[in-house]
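Quick notes on the structure that follows.
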Amino acid sequence: MAELYDDLPLGVLKPIPALPETRREPRCVVDARVWLKSRHGLDRASLVDLSREGAFVETDLDLAPGTALRLRCFLPDGGSPFSLWARSVRRSRDGDRCRGLGLRFAHLRREARERIDRFLERRAAIDRWSAQYAI
């Protein structure tokens, strides 16, 4: 394995090819507002998919994987906003511009976990009903 990097200056690694899907939980499409707070400041973003373990947010905030974030989520379920901690796990780019961040939740409070679970269960039930009665 070391021979793969012999031609690089110390500390520089070649890009790793895309890995196969490793998510353990299915994600559901969602259209919601979220605020991201990191050491770089506060940024408004769009929550575009959600699972029990993480989410993808559309944002131009270009954060390195591993960056800790505090999220303030506004799910479209009629409930009040709630907060949680997450870490960025990947960046999605469009050329030189960041398009969004893949996030993994960390340190979820029971209330946040229950809220996400209820939202996902309702969305799954709606999806099953829609598939069953689709014309």
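None of the figures in this text is laboratory data; all of them are computed from the coordinates on show. Bear in mind the structure is a predicted one, so any value in this text is a computation, not a measurement. Cβ coordinates were reconstructed from backbone atoms using ideal geometry, including for glycine residues, and neighbour counts include every protein chain displayed.
Couplings 3J(HN,Hα) of the stretch 60-66, computed from phi: 9, 5, 9, 9, 5, x, x Hz, in residue order, whole Hz [Karplus 6.51 cos²θ - 1.76 cosθ + 1.60, θ = phi - 60°; x for Gly and Pro]. Could you give me D for the stretch 41-103, from Stokes-Einstein at 20 °C and 1.002 mPa s, where the hydrodynamic radius is the Kirkwood radius over C-alpha pairs? Units µm² s⁻¹, please. The diffusion coefficient I find is 176 µm²/s.
All other residues whose Cβ lies under 14 angstrom from that of SER38 are scored, Lys and Arg at +1 and Asp and Glu at -1, for a net of +4. Once backbone amide H atoms are built at 1.01 Å from N, ALA106 has TRP85, ALA86, ARG87 as its partners under 5 Å, excluding neighbours fewer than 5 places away on the same chain.
So for each of 50-59, 123-132 I average, over its residues, the number of other beta carbons within 10 Å; can you give me the resulting order with the highest mean first?
Highest to lowest by the protection proxy: 50-59, 123-132.
Expressed as a fraction of 2.2 N^0.38 Å, the C-alpha radius of gyration for the stretch 23-133 is 1.07.
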